[in-house]
Each structure stands twice: as structure tokens, then as C-alpha cells.
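One structure is given here, and the rest of the page talks about it.
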Amino acid sequence: MLPQEIIRKKRDGRELSAEEIAFVVRGIHDGGLSEGQVAAFAMAVFFRGMSTAERVAMTLGLCRSGVQLDWKDLDLPGPLIDKHSSGGVGDKVSLMLAPIVAACGAFVPMISGRGLGHTGGTLDKLSAISGYDTQPDIATFRRVVREVGCAVIGQTDDLAPADRRLYATRDVTASVESIPLIVSSILSKKIAEGLDGLVMDVKCGSGAFCDTEAMARDLGESLVAVANQAGLPTIALITDMDRVLGRNVGNALEVVEAVDYLKGEGTRDLRLHEVTMALAGEMIALGRLAPDAAAGRALAEAALADGRAAEKFGRMVAALGGPEDFLAQPSRYLGHAPVIRPCNAEGSGHVAGMNARDLGIAVVALGGGRSHADDAIDPSVGLSDVIDVGAPVRAGSPLCIVHAASDADAEAAMDIVRRAIRLSPAAVAPKPVILERVVR
């Protein structure tokens, strides 16, 4: 086979065979395809798309380019279930979800990513915890999953290595937004985890990759179709990301909110709770630990209420190198910004909406996110107590609290926040947080 002929075929809109896609993936992995050819292939897919059969072949090819985890030797007494989110502002759901579902009898080997752009990454949040190892070896990962029931770590070099090269090329050639390549990138790593089931949280709105419900539905339907045809039982929820999820945005601040949520301290944000419980119910049902998602949700609520979920989180942190007493005194092991100031409203009314992406950008500008993959971040900065849509506002009352490294940084963030939060004279009814359920 000739790479240029396969690229030409896709460029002209024709369907590639499984053998041709396998050849391309091998060339991406072993260097048989040049950088120009990888870029040309990605751009051809971007413009011409892929059929479901092509997407399945691409997913399995990327998956088979590296190690595929096998858990059979551990004889785990429960299903291996994971969740993946397409990312959003304030999305700390994984921090609570993994221990909740583990407390209900499932095993959750969650491999997550770092943030880039306006969305935060689960690994950056966990890295804010003193001592937590986000990159353990596979043996440690397997041991923690077996002993604790859950482990949240970063992608190892051995999982889907061909995808790393392909993604790096897509990132610099304006082809990241290709739905077929997004699907194969996500699912190749999830299938390599050796899962029994997967639940996808596909976010939609100003703070998400998918800014319209139509795009989110396209992504969700493709993920579900490809995963199921590739042998991984999967369902997806499309959830609202037109506003911050929870009250805090920023790595250490989101860990604090997650710990408070698990321990039942303070008032749990209703939207954050709804998303977490809905996903937990689906995961538990997919693992056949409950007859349906509603029954699974009831089990999750019970594990949260009686403290089993919080206990799982504390054990996971300790098993991956964090403090033994982190759950008891998290503030001792998390960074604190030197400047903490309220961002006060300049007018009165009700919060009619917000540009969640801009709020994420405000945190990046504070130093809490990355513009480039190798940027260092400050885990202590961010926004806390972000006001919600529909809330009444008086001039001079806080829209949020800004945590910054300097007064100048705080002022710059406040300017972004005030522009991002829209006020109206009358109260508005916010949209529901669960927009749609996608099944095969």
C-alpha cells in the first residue's frame, strides 16, 4: 500500500477499508508516514469525515498500537466501569464520581487528562494535592484499583501511543475539531483500559468544546455507536455547560469543593449533584450492580450519605502518595493564593446568563491553566463562590471571589468576570443540566 494513495482516496471522499486504516495507524506509530502525510490524512478526514465502520477501525487500530490492560488475573469481584467527560469549566465530577461508584461495588480505573485552553483537567486538580502521584506505573495503578476500588491517573506512554502522535499533528494543523478523530482518540484509550462499560459526559454550551446541542448530539451518538460496535458497552449523557459547574473554578479550589461535597459539608451545588448522581446511576447500572439507572442512583446517594464514598477518596489519595489525613484537613495540603478579593457587581438585577468559556479564560489568565501543553500552572488561583444563573444581584454584591497571585492579576480577572456575567431586570429560568441521554 502507498500512503499517498490512501490519503488521495479519503481526500476524494471514498471509504477506506479496515486494512487501509490499519496501515495508516501503523505508519503513524512506527514513523512509516511522514509528518506531512499524517497531517494530510488528518485534514482529509476533517473535511471528508468517516463512516461508522471507518471510525471503529481507526479506534481499534489506535488502541492496538500500545498496551491493552488485562485485569483477569486480579479476579476482581465487580465490574470495571469508567466515565469520560468532553470537558468544561468547573467540571470536578470525576473527583467525586470515581469513589462514589467504587463504594457501590464497581472498580474504576480512570485515566484522565490535563487541562488545555479554557477547560480544566482532572489531573491538574489532583496534582494540587501535595504528594499525589498522577503518573504511577501500571503495576501501582492496578494495585490501587484492586485494593481501593478506584484510581485516577494520567495516560501512560504505553496506552495508544499512535494517538499521541496523531493528536500532536492535529493540534498544530487545525484539525482537532474532527468528530471521527475525536471519537477514535477518546475511545482508543478507554478500550485499552480493559473496561466492562463506559459512560460519556458530553458537555454542550459556551464552556464546552461542543457549543451547540446538535454538535454534542453528533459527538455523543458517534461515541456510543463506535464504542458498542468495538465491544465496549457505552451510553452518553449530554449535559449543559453554558455556565460553571459547581461554585469553584481553579485546581485547588475545585478539590476543596469536591472534598466538601463528599463529606457533606456546606450546601452541595444542585447542578453539580445532579450531573454526578446521574452519571453514577448510569455507571452502576451499566455494571449490572443495579437493575436500572434510577436504582443505581439510589445506591450512589446512599454511599455518599453514609460516608463510604468520602472514605474511598481518602484511601485513593493516600494510596497514590498523598497525605493519609488529607480528607480530615485538606487545606493543610493545598496551596492558597496570596490575594483573595471579591469581584463585586457594578449593577443590579438577576443573572441572565454567563459566558462560561470566558470565566475559564479568566482562570487561565490568573495562571491556573495552560495556553501551551508545557506551561506551568499555579494550583492556588481561580474563582470561588461563582454566582449562578437566576440569582438576584445588587450593585456592590459579589459575583465571585477571585484568588490571585497579585492585585494586578485580580483586577484583570475581575474585568473578564464582569463582562462574562450578564444581568437582566427580571429573573430567568435556567435550562436543565441533563439535556439528553444517548443509547445505542
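Some points to look at:
- Long-range Cα-Cα pairs in region 48-112 (distance over 18 Å), rounded percent: 58
- Over the chain, DSSP H runs of length four or greater, each weighted -39,500 (n - 2.57), average out per residue to a 222 nm ellipticity of -14000 deg cm²/dmol.
- Rg to Rh quotient for the chain, alpha carbon positions, Kirkwood Rh: 0.97
- Stokes-Einstein diffusion for region 261-353, with the hydrodynamic radius set to the Kirkwood value over Cα pairs and evaluated at 25 °C in a medium of 0.890 mPa s, equals 151 µm²/s.
- Other-chain or far-sequence residues with amide H under 5 Å of ALA352's (modelled H): GLY390, ARG422, LEU423, SER424
- Flagged links, alpha-carbon separation over 23 Å, of LYS263/LYS431; LYS72/LYS263; LYS125/LYS203; LYS72/LYS203: LYS263/LYS431; LYS72/LYS263; LYS72/LYS203
- Three-way shape call for region 117-170 based on the alpha-carbon gyration tensor, with the a/c threshold at 1.5: oblate
- Volume per residue of the convex hull around the Cα atoms, evaluated for region 228-315, comes out as 136 Å³.
- Of the residues SER206, THR234, LEU262, the one whose Cα sits farthest towards the positive end of the charge dipole of region 205-350 is LEU262 (charges of +1 on Lys and Arg Cβ, -1 on Asp and Glu Cβ, taken about the Cα centre).
- Evaluated at q = 0.10 Å⁻¹: base-10 log I(q)/I(0), Debye formula over Cα of region 7-136: -0.51
- Listed by chain and number, the aspartates and glutamates whose alpha-carbon sits under 15 Å from that of LYS312, ignoring those within fewer than 8 places in the same chain, are GLU147, ASP260, GLU301, GLU324, ASP325.
- Inverse of mean 1/r across different Cα pairs in region 128-231, Kirkwood, Å: 15.7
- Förster radius 35 Å - calculated FRET efficiency between SER34 and ALA408 (Cβ-Cβ, nearest 0.05): 0.15
- Scattering from region 152-205 was approximated by placing one identical point on each alpha carbon and applying the Debye formula without solvent; log10 I(q)/I(0) at 0.21, 0.31 1/Å stands at -0.92, -1.28.
- If you model region 286-440 as an ellipsoid using its alpha carbon gyration tensor, with each semi-axis the square root of five times an eigenvalue, the axes come out at 32, 26, 16 Å, biggest first.
- Neighbourhood net charge (13 Å Cβ-Cβ; Lys/Arg +1, Asp/Glu -1) for ASP292: +2
- When the P(r) is computed for region 365-440, the part past 17 Å accounts for 59% of the Cα-Cα pairs.
- Loop GluC sites (Glu not before Pro), region 142-206, which have at most 16 other Cβ atoms in a 10 Å radius of their Cβ (DSSP): GLU177
- Lys/Arg +1, Asp/Glu -1 at C-beta; region 146-199 dipole; positive extreme among GLY197, ILE186, VAL148: ILE186
- Alpha carbon convex hull of region 249-294, volume per residue in cubic angstrom: 90
- Mean shadow area of region 173-306 over all directions, Cα convex hull, nm²: 9.5
- For region 226-293 and region 56-102, distance of Cα centres in Å: 14
Values quoted throughout were computed directly from the atomic coordinates according to the rules given, and no laboratory measurement underlies them. Note that the coordinates shown come from a computational prediction; the quantities given were computed from them, not determined experimentally. Here Cβ is always computed from backbone atoms with ideal geometry, including for glycine, and neighbour counts include all displayed protein chains.
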